[in-house]
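Report on the following structure.
The values are calculated or read from the model by the stated rules, or taken from the named source; none is laboratory data. Note that the structure is a prediction, hence the values are computed from the model and not measured. Quick reminder, even Gly has a Cβ in these numbers, built from the backbone with ideal geometry, and neighbours come from all protein chains shown.
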Amino acid sequence: MCSARTNPNAPARPYRASAGEGYPSSPYTEEDSPIPSEASSLSLLLQLLPLSARTALSIIEDAGGEAWCVGGYVRDALLGRPIHDVDLATNLSWTTVADAFKQAGWKTVETGVKHGTITVINEGEPFEITTYRCDGTYSDGRHPDTVTPASTIEEDLRRRDFTMNALAYHPERGLIDPFGGLEDLQHGVLRCVGDPMTRFSEDALRILRACRFASQLGVAIDPATFEAMVASKNLLRKVSGERIYRELERFVCGDYVHDALMTCVDVLAFVLPELVAMKDCPQVTKYHIYDVLEHTAWVCQHTPPEPLQRWCALFHDMGKPAAAFFEGDVEHFYGHAAVSVSLAEGIMHRLPFPAWLRRDVPVIVRAHDDVVPANPRAVRRMLGRLSGRTDLFEALCDIKRADALSQAPFCAPRADTAEELRGLLHQILEDQAAFSVKQLAINGRDIMALGVEPGPAVGAVLESCLDAVIDEQVPNEREALIDFAQGQLA
């Protein structure tokens, strides 16, 4: 795994990097691990378990079955992360489960009965319930061809991807942990259940899930698991673009994206080959202390964890390796923003990015390196270039701030400039100052009334009026603007 350098401008990580006995370099130490002792863990799990989940467990048990809470709920509760849903596993067949919940007045949905899964819903709260199972072969590299019932929860947990996801909890029977998932969580380590090559050959999406968990949770990847990820990454060709995109977006929006990107780049390169040229591409200028990849990783880390900002951060300097050239001992990257836009557009069409990102990301990437002086006129002009989109201007400020914090230390004050620009934007909005043609006190009909033929010429005159208003040559008042427009046409 790559060893990332420390950025002096970065906020401190929540957990210090250290090595536990028998573990890879871990973000957690024994003293500051987010996972409490086993006794405290059981108390925490009980405290966070929703009442409706306990009711669901009771319905299954009243029907003569056994049931456990499994998966993300157990992991996230132990980590103190938000709980989004609670999945259950049971020894009952899905048909028996469906009958039991229908009798209890719950709605049931046959979401995956081929694999023994149904969803039950009570007052809008869904629970996915799956029969204990053993998976057969995975000929398509994504889904088991067949599933057979398992007799115990331990057998069911054996088919899970990672040890931290192979935990089961019951409020009365406690925690089932056959593969050391709790200890791995305590050390901050992601490890496959059983043989990693087998796990990834069964379902290649698990490779990207491992990258995503590293980014979201800040866990270190067990060396054997990581080696298998690299060796198996070609299997990602079997995964749909939609699933790849969803995992990548969760990855780039993770709280630990810098460390995860530096660690996982050789794996991610199979689905984002554009990253390869960024790795070990130096930036031989006084403004940079990192290569293109690590600079990009820090920019991602310093931006808000929102899709627009994080994708722009990942793409913003992607064109630098292609644009790089030297003048003497100094490297330049003139025109790299345009190359970055081209690469970003290629990625966003190769993978099923939503239309709004395909529309907005290139705009920010193209403008990220443009100089915007911290004065109202410059801000209003940039807003005009952004079609009056204040949300895009805010995102641009986020990228500029992160970019400054990810360069040489003497560049860090530029982050303050980005915040000044944001403050000027808010003042402009408060003052209702015009920064787009639509905000002018005149419109196209007024210009045509002056004798201008319909067409581009009307827009050109309005743009001249807007420039005059921004430069404070003319007030944004109807009569004054008509007089100005007449002067332009004379």
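What the table below lists for this structure:
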| read-out | value |
| --- | --- |
| Search result, residues across the stretch 448-489 that are part of a loop (DSSP other than H, G, I, E, B) and among the hydrophobic types (A, V, I, L, M, F, W, C) | L450, V452, V474 |
| Counted residues, the stretch 320-330 - those being part of a strand (DSSP E or B) and either under 19 Å from L275 (Cα atoms) or touching a strand residue (DSSP E or B) at 6+ places or on another chain (Cβ under 7 Å) (or both) | 1 |
| Some residue of the stretch 84-96 being more than 16 Å from I153 (Cβ to Cβ) and among the aliphatic types (A, V, I, L, M) | no |
| Residue within the stretch 87-98 that is at pLDDT below 85, outside any loop (DSSP other than H, G, I, E, B), polar (S, T, N, Q) and surrounded by fewer than 17 Cβ atoms within 10 Å (Cβ to Cβ) present | no |
| First in the stretch 60-84 and over 15 Å from P171 (Cβ atoms), second anywhere and in a strand (DSSP E or B) and polar (S, T, N, Q), Cβ under 6 Å, 6 or more apart | G65/T90 |
| Lone qualifier among D255, D280 - being in contact with a helix residue (DSSP H, G or I) (Cβ under 9 Å, 6 or more places away or on another chain), on the phi > 0 side of the Ramachandran plot and surrounded by fewer than 20 Cβ atoms within 10 Å (Cβ to Cβ) | D280 |
| Within the stretch 449-471, considering residues that are within 26 Å of N375 (Cα to Cα) and without any contact (Cβ under 8 Å) to a residue 12 or more places away in the chain, the one nearest to the chain's Cα centre (by Cα) | D467 |
| Evaluation of A204 against (1) assigned by TED's automatic domain parsing to the domain that holds S43; (2) more than 16 Å from R158 (Cβ to Cβ) (one fails), failing number | (1) |
| Within the stretch 99-126, tally of residues that are farther than 30 Å from E183 by Cβ and assigned to a helix (DSSP H, G or I) | 7 |
| Members of the stretch 86-135 that are among the charged types (D, E, K, R) and touching a residue at least 60 places away in the same chain (Cβ under 8 Å) | E123, E125, D135 |
| Filtered residue count, the stretch 325-364, keeping only those that are under 18 Å from the mean Cα position of the chain (by Cα) and among the aliphatic types (A, V, I, L, M) | 8 |
| Qualifying positions in the stretch 331-351 - assigned to a helix (DSSP H, G or I) and acidic (D, E) | E345 |
| Scan of the stretch 61-86 for residues that are crowded, with 21+ Cβ neighbours inside 10 Å and over 29 Å from E183 (Cβ atoms), ordered by number | none |
| Which numbered condition H332 fails, given (1) over 28 Å from S240 (Cβ atoms); (2) buried (at least 23 other Cβ atoms within 10 Å of the Cβ) | (2) |
| Matching residues in the stretch 186-223 - criterion: being without any contact (Cβ under 8 Å) to a residue 12 or more places away in the chain and on the phi > 0 side of the Ramachandran plot | none |
